[in-house]
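Notes follow the structure.
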Amino acid sequence: MKIRFYHAPDANCCERLLWILDYKKVDYERIDVGLGDVGEQVRLLSPFARVPLMEVDGVALSESMAMAEFIEEIAPNPPLQYEAAFARAQVREVCEAVNSSIHPQQNGSTVRFFHPDWSRDQMRPVRAKWLSMNLQKLQSRLWLGSQFAVGTQFTQADIFVSIIYRKAVDLGVIISDLPEYEHYWKFLMSHESIRLSCPVVS
């Protein structure tokens, strides 16, 4: 199986998949593209002309949740999901909260659509406020069984949550405004296998 993964720097959807691929030690070819200009191949293969994008034996797959689930199925070890059906659903719930309810509205391309005259610097506080507000809401679903996001092991939920938290910090959210997330981030980074595969270690 040949996997080609199209990645753009600073794109947190891409960072999720890089982390999953590297944590599971999946062999893949990484192709770096720009955020502003993703290149002809991505425009050809992605229905929305955006990354992340994966080619599997020449067949395109888009959307980070679909890719995360696919990788879990072809490389089940080390696991990033649970065996029990409801626990798996809880992981997906948190991932989808990030993927569908939090991330899209703060995405630079979304903000630019509604405010085409705004510069990147003008977008930053709006994006940061949205992330901070919604990460606070998400807390009621996190860390109920341990210091991991869902249950008692490292899962896809940890990757989705911590990547969007780091994006919030990059956009200017003050760490002291989300102390539980910073404590959580430090907990994850205290695990060598997690830290070494993480694409956003600062």
task: Would you mind listing how long the range 132-191 runs along its three principal axes, going by Cα atoms, in whole Å with the largest first?
output: 30, 23, 18
- prompt: Roughly how much of His115 is accessible, in Å² to the nearest 10, using a 1.4 Å probe?
  reply: 70 Å²
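Among the DSSP beta bridges whose two residues both lie in the chain, what percent are antiparallel, rounded to the nearest 5? Could the numbers behind the result be given before it?
Values: 8 of 12 bridges.
If we restrict to bridges inside the chain, about 65 percent are antiparallel.
Provide the FRET efficiency to the nearest 0.05 for the Asp27-Val201 pair, computing r from the beta carbons and using R0 = 25 Å. If you can, show how the numbers build up before the last one.
On the way: r = 22 Å, r/R0 = 0.88.
With a Förster radius of 25 Å, E is 0.70.
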field: Members of Lys24/Lys186; Lys25/Lys186; Lys137/Lys167; Lys2/Lys25 lying beyond 19 Å, as alpha-carbon distances in this model show
entry: Lys24/Lys186; Lys25/Lys186
field: log₁₀ of I(q)/I(0) at q = 0.18, 0.27 Å⁻¹ - the range 25-74, Debye sum with one point per alpha carbon
entry: -0.58, -1.17
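Counting alpha carbon pairs within less than 8 Å and at least 6 residues apart, what relative contact order, in whole percent, applies to the range 29-84?
Rounded, it is 17 percent for the range 29-84.
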task: Filter the GluC sites (Glu not before Pro) in the range 28-89 down to the DSSP loop ones having no more than 15 other Cβ atoms within 10 Å, then list what survives.
output: Glu83
- request: For the range 55-171, state what percent of all Cα-Cα pairs lands in each successive 10 Å bin, counting from 0 Å until the bin that includes the largest distance.
  value: 12, 39, 31, 16, 2
message: Can you return the aspartates and glutamates within cross-link range of Lys129? Criterion is Cα-Cα under 18 Å, with same-chain partners fewer than 8 residues away left out.
response: Asp121, Asp170, Asp177, Glu180, Glu182
- request: Give the ranking of Ile174, Ile3 by solvent-accessible surface, highest area first, calculated with a 1.4 Å probe.
  value: Ile174, Ile3
- prompt: For the chain, what does the alpha-carbon gyration tensor say about shape, rounded, prolate or oblate, given a ≥ b ≥ c as the root eigenvalues, a/c under 1.5 as rounded, and a/b over b/c as prolate?
  reply: oblate
task: Starting from the residue with the highest accessible area, list Arg50, Arg166 in decreasing order, probe 1.4 Å.
output: Arg50, Arg166
- request: Have a look at Ser119, Ser46, Ser101 and tell me which one the Gaussian network model of the chain (Cα, springs below 10 Å) gives the largest fluctuation.
  value: Ser119
- request: Give the relative contact order (percent, whole number) for the range 67-202; include only Cα pairs under 8 Å separated by 6+ residues.
  value: 24 percent
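The values are calculated or read from the model by the stated rules, or taken from the named source; none is laboratory data. Since this is a predicted model, take the numbers as computed values, not measurements. Positions of Cβ are backbone-derived with ideal geometry, glycine not excepted, and every protein chain shown enters the neighbour counts. Keep in mind that these areas ignore ligands, DNA and RNA; they rest on the heavy atoms of the full protein, side chains included. Shrake-Rupley method; radii C 1.70, N 1.55, O 1.52, S 1.80 Å.
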